[in-house]
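Undergrad: This is the structure I want to talk about, given as structure tokens.
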Amino acid sequence: MLRERVSDDIHIFYSDLYAQVTAGAVIYPEGAVLIDTLAFPSETRQIKDFLERRLGVEVRYIINTHYHADHTNGNCLFPRAHIIGHRLCRERLDTVGRKGLAQAKQHSADLASVEVALPDLLVSEAGAYLHLGKKTLQLIFTPGHSPDSVSVLLKEDRILFAGDMMMPLPHIADGDLDDMQRSLQLIPPLGLENVVQGHGEVVLRGEIDDAVRSNLRYLENLRKKVEQAVQRGKPREAMREIDIESCGKSRIPLNGLVTQLHTANCLALYDKLTQRAP
């Protein structure tokens, strides 16, 4: 696992084991806030060891940006922490999350110790604020990747932990394209120093607007190509022929995983459009 120090009190962790998924730690006088907890307990334990042994702080709050396992599996390693999430995050973790974990355990011994730990402090669509020492964390409802997604703005530092709302390639298979567009459009007016993506490298100040525009262009290209295919009566499997480059994105990021995400986007959008068709 890689670790990056943004400042004395903000750290970012990048998984080596799963899709460069990220987590973040914000240190304040009484402890730490952990933003997401990674997929595999071995890496979450590295984070816990760094915070507790190296820095001497206890994780008192966890914020789950959404319910997906790669962001929540490590919750159970912090039994004393309050877990904050959208109300739908709790609902999805308690249903889809439990089922998915049971299935994943059959294929990975690394997950044997993982148990679902649900948010106990719930956020609505209106968002919320968390005031800790001199830090103000604003939780912003940013659906699109999933219906329960929230992003965390560190107001004094102008850093946004965007969760999977911001990735090298937008992923909407479990969400909604229109919601994703609206959420992405919230980013430029914030005047940010950094955007911590849910997967992949941090987006720096001078790159943020271009990165957002790139993602919005991709979504529009995706919409046009899938809509055209539906209008022409093409079958669902034909969506696999829409290559990622034709929608304006490279197949290189996340070690090539973006091509699978793109195909999932095409199939999910096709399903949504054809279900609406008369």
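The values are calculated or read from the model by the stated rules, or taken from the named source; none is laboratory data. Keep in mind the model is a prediction, meaning the values are calculated, not measured. Note: ideal-geometry Cβ built from the backbone for every residue, glycine included; neighbour counts use all protein chains shown. Heavy atoms of the whole protein, side chains included, go into the accessibility calculation; ligands, DNA and RNA do not. Shrake-Rupley method; radii C 1.70, N 1.55, O 1.52, S 1.80 Å.
Undergrad: Among the candidates Val116, Val96, which residue alone is touching a Lys or Arg at 6+ places or on another chain (Cβ under 6 Å) and surrounded by fewer than 20 Cβ atoms within 10 Å (Cβ to Cβ)?
TA: Values: Val96 fails: touching a Lys or Arg at 6+ places or on another chain (Cβ under 6 Å).
Going through Val116, Val96 in turn, the sole match is Val116.
Undergrad: Take Asp70 and tell me if it is open to solvent by less than 80 Å² (accessible area, probe 1.4 Å), assigned to a helix (DSSP H, G or I) and touching a strand residue (DSSP E or B) at 6+ places or on another chain (Cβ under 8 Å).
TA: Answer is yes for this residue.
Undergrad: Can you tell me how many residues within region 14-25 are in a strand (DSSP E or B) and more than 17 Å from Arg45 (Cα to Cα)?
TA: Here is the first cut: in region 14-25, the ones in a strand (DSSP E or B) are 14, 21-25.
Imposing the further condition that a residue be more than 17 Å from Arg45 (Cα to Cα) reduces the set to none.
So the count comes out to 0.
Undergrad: Can I ask one more? Quick check on my filter: what residues within region 144-157 are within 28 Å of Asp9 (Cα to Cα) and either in contact (Cβ under 8 Å) with a residue 40 or more places away in the chain or of a type in the set (Phe, Trp, Tyr) (or both)? Before the answer, list the steps.
TA: Residues of region 144-157 that are within 28 Å of Asp9 (Cα to Cα), as a first pass: 148-157.
Across region 144-157, the qualifying residues are Asp148, Ser149, Val150, Ser151, Val152, Leu154, Asp157.
Undergrad: What residue, among those in region 183-206 that are buried (at least 18 other Cβ atoms within 10 Å of the Cβ) and of a type in the set (S, T, N, Q), is nearest to Tyr67 (Cα to Cα)?
TA: My answer is Gln197.
Undergrad: Name, by its number, the condition in (1) in a strand (DSSP E or B); (2) in contact (Cβ under 8 Å) with a residue 60 or more places away in the chain that does not hold for Tyr129.
TA: Evaluating Tyr129 over (1) in a strand (DSSP E or B); (2) in contact (Cβ under 8 Å) with a residue 60 or more places away in the chain leaves (2) as the failure.
Undergrad: Counting only residues that are under 11 Å from the mean Cα position of the chain (by Cα) and part of a loop (DSSP other than H, G, I, E, B), how many does region 132-175 have?
TA: Qualifying residue count for the region: 13.
Undergrad: Another question about this same structure. Working carefully through the options Val212, Val230, find the one that is aliphatic (A, V, I, L, M), part of a helix (DSSP H, G or I) and either open to solvent by less than 10 Å² (accessible area, probe 1.4 Å) or modelled with pLDDT under 95 (or both).
TA: On the way: Val230 fails: either open to solvent by less than 10 Å² (accessible area, probe 1.4 Å) or modelled with pLDDT under 95 (or both).
None of the others qualify; the one that does is Val212.
Undergrad: Restricting region 74-90 to residues that are farther than 9 Å from Pro119 by Cβ and open to solvent by less than 20 Å² (accessible area, probe 1.4 Å), which is nearest to the chain's Cα centre (by Cα)?
TA: Kept after step one, since they are farther than 9 Å from Pro119 by Cβ, are these residues of region 74-90: 74, 76-81, 88.
Then keep just the ones that are open to solvent by less than 20 Å² (accessible area, probe 1.4 Å); that gives 74, 78, 81.
Numbers: Gly74: 14, Phe78: 20, Ala81: 20 Å.
Selected residue: Gly74.
Undergrad: Considering each residue of region 39-66, count those that are crowded, with 19+ Cβ neighbours inside 10 Å and either of a type in the set (Gly, Ala, Ser) or within 18 Å of Leu160 (Cα to Cα) (or both), and give that number.
TA: Result for region 39-66: 7.
Undergrad: When the residues of region 145-182 are narrowed to those that are among the small types (Gly, Ala, Ser) and crowded, with 24+ Cβ neighbours inside 10 Å, which ends up nearest to Asp209 (Cα to Cα)? Before you say what the answer is, go through the steps one by one.
TA: From region 145-182, those among the small types (Gly, Ala, Ser) are 146, 149, 151, 162-163, 173, 175; that's our starting set.
If we keep only those that are crowded, with 24+ Cβ neighbours inside 10 Å as well, we get 146, 149, 151, 162-163.
On the way: Ser146: 22, Ser149: 21, Ser151: 17, Ala162: 14, Gly163: 17 Å.
Out of the qualifying residues, it is Ala162.
Undergrad: Have a look at Asp16, Asp36 and point out the one that is within 19 Å of Val196 (Cα to Cα), in contact with a Phe, Trp or Tyr (Cβ under 9 Å, 6 or more places away or on another chain), among the charged types (D, E, K, R) and in contact (Cβ under 8 Å) with a residue 24 or more places away in the chain. So that I can check it myself, show each step before the final result.
TA: Numbers: Asp16 fails: in contact with a Phe, Trp or Tyr (Cβ under 9 Å, 6 or more places away or on another chain).
Answer to the check: Asp36.
Undergrad: Going through region 1-13 one residue at a time, which ones are open to solvent by 30 Å² or more (accessible area, probe 1.4 Å) and in a strand (DSSP E or B)?
TA: Leu2, Arg3, Glu4, Arg5, Val6, Ser7
Yes/no matrix, rows are residues, columns are (1) at pLDDT below 95; (2) touching a Phe, Trp or Tyr at 6+ places or on another chain (Cβ under 6 Å); (3) not in a loop (DSSP other than H, G, I, E, B):
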position: Glu43; (1), (2), (3): no, no, yes
position: Gly56; (1), (2), (3): no, no, no
position: Thr65; (1), (2), (3): no, no, no
position: Cys76; (1), (2), (3): no, no, yes
position: Leu88; (1), (2), (3): no, no, yes
position: Leu93; (1), (2), (3): no, yes, yes
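Listed here are the residues, each with its yes/no results for (1) farther than 24 Å from Ala25 by Cα; (2) of a type in the set (A, V, I, L, M).
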| residue | (1), (2) |
| --- | --- |
| Val150 | no, yes |
| Pro168 | no, no |
| Asp176 | yes, no |
| Pro188 | no, no |
| Val196 | no, yes |
| Gly200 | no, no |
| Val203 | no, yes |
| Ile208 | no, yes |
| Asn215 | yes, no |
